[in-house]
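Peer 1: Let me begin by handing over the structure; questions about it come next.
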Amino acid sequence: MKGEEDILVLNDLRLVYFATSNKHKFDEAKDILEDYGIDLKMVKEKTKEIQDDDLRKIAVHALLKALEKDERPTIIEDAGLFVKTLNGFPGPYSSYVYRVLGVDGIMRLMNNEEERDAEFRCVLAFGDSPSIIKTFQGVVKGTISLQPKGRSGFGFDPIFIPKDSKKTFAEMSLQEKNRFSHRADALRKFSKWYIHL
Ligand code: IMP
């Protein structure tokens with residue numbers, strides 16, 4: 001009897017929901033969480049993202065909205081591209097800037113710019129009820145490429161070259177991107193914590 005109870009607990013822990021409408025993010029996360037024996041299920045997120053200059057506030061707000069609908073183990077994440085010479089722009093406004101200016105807009109802003117350091121940051125929020133929310137941060141440092149390159153991934157992947165690589169994220173397979181990315185960093189921190197709950 002005691003053994004069965006243990007197995008039940010393990011089963012519950014194995015399933016986590018990812019509230020996102022971005023299939024690329026989901027595939028990246030699934031690949032990482034698999035390594036820790038965690039099953040991931042995508043829940044299409046329809047709530048509008050709040051605008052704030054703090055990624056953590058955006059992620060926590062979105063998670064609370066998702067938990068209002070269903071109290072179950074859920075992760076949500078918010079990410080942004082921070083370009084040093086643009087004083088961190090587009091940062092938390094990356095989603096809006098991507099829609100309005102796109103990759104070409106950032107290329108134009110970086111035209112003739114020699115200082116090309118940038119980083120992607122990600123905040124992942126986890127909770128299974130609104131009472132306790134835990135957040136994890138991920139970062140990857142790199143540079144903005146001179147031209148867009150590659151066709152994989154999404155968003156600003158074609159113009160971001162992580163440190164210790166010569167390829168943009170868009171020239172990498174999902175597994176290669178996961179060796180470097182901000183999202184993978186936050187997901188690994190989350191997974192290590194979660195499997196020891
Ligand atoms: P979101 O609000 O977390 O969906 O991310 C904001 C924007 O940042 C997205 O629309 C993408 O343009 C960009 N972004 C976030 N993460 C990545 C990534 O891993 N690769 C490329 N672009 C990203």
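The values are calculated or read from the model by the stated rules, or taken from the named source; none is laboratory data. These numbers were taken from a predicted model, which means no experiment stands behind them. Cβ coordinates were reconstructed from backbone atoms using ideal geometry, including for glycine residues, and neighbour counts include every protein chain displayed. Protein only, heavy atoms only, side chains kept; ligands, DNA and RNA dropped before computing areas. Shrake-Rupley method; radii C 1.70, N 1.55, O 1.52, S 1.80 Å.
Peer 1: With both bridge residues required to lie in the chain, what share of the DSSP beta bridges run antiparallel, to the nearest 5%?
Peer 2: 80 percent
Peer 1: To the nearest 20 Debye, how big is the dipole of the stretch 16-113 about its Cα centre, given +1 on the beta carbon of each Lys and Arg and -1 on that of each Asp and Glu? Let's see the in-between values first.
Peer 2: On the way: 15 positive and 18 negative charges, 73 e Å.
Around 360 debye, computed over the stretch 16-113.
Peer 1: If I take R0 = 22 Å and measure r between the Cβ atoms of residue 114 and residue 53 in this structure, what FRET efficiency does the formula 1/(1 + (r/R0)^6) give, to the nearest 0.05? Mind showing how you got there, number by number?
Peer 2: Values: r = 27 Å, r/R0 = 1.23.
With R0 = 22 Å, the Cβ-Cβ based efficiency is 0.20.
Peer 1: For residue 65, list the lysines whose Cα falls under 29 Å from its own Cα; do not include residues on the same chain fewer than 8 positions away.
Peer 2: Straight-line reach from residue 65, under 29 Å: 23, 25, 30, 41, 44, 46, 48, 57, 134, 189, 192.
Peer 1: Another question, then. Could you provide, to the nearest whole Å², the per residue accessible area of the chain with probe 1.4 Å?
Peer 2: Working: 11020 Å² over 197 residues.
Accessible surface, normalised per residue, equals 56 Å².
Peer 1: So, one more: Given Cα pairs under 8 Å that are at least 6 residues apart, what percent is the relative contact order of the stretch 1-158? Intermediate values should be presented prior to the final figure.
Peer 2: Values: 248 pairs, mean separation 32.8, N = 158.
Averaging sequence separation for qualifying contacts and normalising by length gives 21 percent for the stretch 1-158.
Peer 1: Are there any GluC sites (Glu not before Pro) in the stretch 101-130 that are in a DSSP loop and have at most 10 other Cβ atoms within 10 Å? List them by number. If you can, show how the numbers build up before the last one.
Peer 2: On the way: sites: 113, 114, 115, 119; in loops: 113, 114, 115.
Answer by residue number: 114.
Peer 1: I've got another one for you. Determine how many Å³ per residue the convex hull of the Cα atoms of the stretch 15-194 encloses. If you can, show how the numbers build up before the last one.
Peer 2: Details: hull volume 18.4 nm³, N = 180.
That works out to 102 Å³ per residue.
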